[in-house]
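S.K.: A single structure is presented below for examination.
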Amino acid sequence: MSKFYLTVFLVGMFFLAKAQNRSEVEKSVIGIQTGYLGAWAHHEAKLANKIALRTEVGLLGDLIGGNYWNDAGSIWTPVLSLEPRWYYNISKRASRLKKTKGNSANFLSINGSFYPDWFVLSKYDKIQMVNQISIVPTWGIRRVVWSHFTVEAGIGIGYRYVFAKNAGYPENNGELAGNLHLRFGYIF
């Protein structure tokens with residue numbers, strides 16, 4: 001009788017492990033996220049067992065201010081991102097029976113973002129966004145909490161190029177760029 005219970009238990013654990021833990025990234029993950037001064041919609045498509053291509057569209061905010069605190073305000077501009085992600089420890093998490101749903105794992109990525117001058121949302125008049133691109137290698141961590149809610153954090157340093165000549169400035173500008181984010185989201 002105990003062999004029967006042991007067999008049922010092992011078969012049940014096998015199906016439970018297969019249902020929740022995969023040793024590779026998911027075929028497709030679609031979701032929304034919000035963080036400090038921003039909101040994004042994203043899609044991750046599987047390229048290889050541990051590599052996914054993340055595409056993202058969002059609104060990024062920035063604080064600007066006048067001479068006094070009461071004059072402070074924010075501007076919101078669109079951002080488009082393309083980011084290959086290598087979820088390097090997803091197999092290790094699966095082997096330890098930790099959740100991997102929604103690509104819950106640590107990752108290394110190269111975040112490429114384009115900030116177009118399509119529009120600016122602000123209470124101020126005559127504010128213009130200048131076209132710019134950034135490429136930032138990033139280390140991050142993502143966890144899915146309660147089936148659909150996500151927490152994601154990342155840090156990286158890279159390069160940003162601002163196309164200032166198109167806006168009437170004398171020359172374009174390249175500078176160091178950082179990526180420090182903490183986002184909360186929902187995956188569908």
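Nothing in this text is a laboratory measurement; each read-out follows from the coordinates by a stated rule. This structure is a prediction, so every number in the text was calculated from the model and none was measured. Neighbour counts are summed over all protein chains in view; Cβ atoms, including those assigned to glycine, are modelled from backbone coordinates with ideal geometry.
S.K.: What are the chymotrypsin sites (Phe, Trp or Tyr not before Pro) within the stretch 83-140 that DSSP puts in a loop, where the Cβ has at most 16 other Cβ atoms within 10 Å?
M.R.: Filter output for the stretch 83-140: 88, 118, 119, 124.
S.K.: Same structure, new question: Trypsin sites (Lys or Arg not before Pro), restricted to the stretch 81-146: which are DSSP loop and have at most 13 other Cβ atoms within 10 Å?
M.R.: Passing both the DSSP loop test and the Cβ count: 96, 123, 126.
S.K.: Across every pair of different alpha-carbon atoms, what Kirkwood hydrodynamic radius in Å does the stretch 23-187 reach?
M.R.: Mean inverse Cα-Cα distance, inverted, gives 17.2 Å.
S.K.: Here's another thing I want to ask about it. So if I place +1 on the C-beta of Lys and Arg and -1 on the C-beta of Asp and Glu, and nothing else carries charge, what would the dipole magnitude of the stretch 23-187 be about its Cα centre? I want it in debye, nearest 20.
M.R.: 1020
S.K.: Hey, another quick one. What number comes out for the charge environment of residue 149, summing +1 per Lys or Arg and -1 per Asp or Glu over other residues with Cβ under 13 Å away?
M.R.: Counting the neighbours of residue 149, the net charge comes to +4.
S.K.: Let me ask something else. If the reach is capped at under 16 angstrom between alpha carbons, list the aspartates and glutamates near residue 99, excluding any in the same chain fewer than eight residues apart.
M.R.: The reachable aspartates and glutamates, counting only those whose Cα sits under 16 Å from residue 99, are 24, 26, 152.
S.K.: I would also like to ask the following. Using a cut-off of 20 Å between alpha-carbon atoms, which lysines can reach residue 165, once sequence neighbours fewer than 8 places away in the same chain are excluded?
M.R.: Within the straight-line cut-off, residue 165 pairs with 126.
S.K.: If you filter the stretch 113-188 for GluC sites (Glu not before Pro), then keep DSSP loop positions with at most 14 other Cβ within 10 Å, what is left?
M.R.: Those satisfying the criteria are 171.
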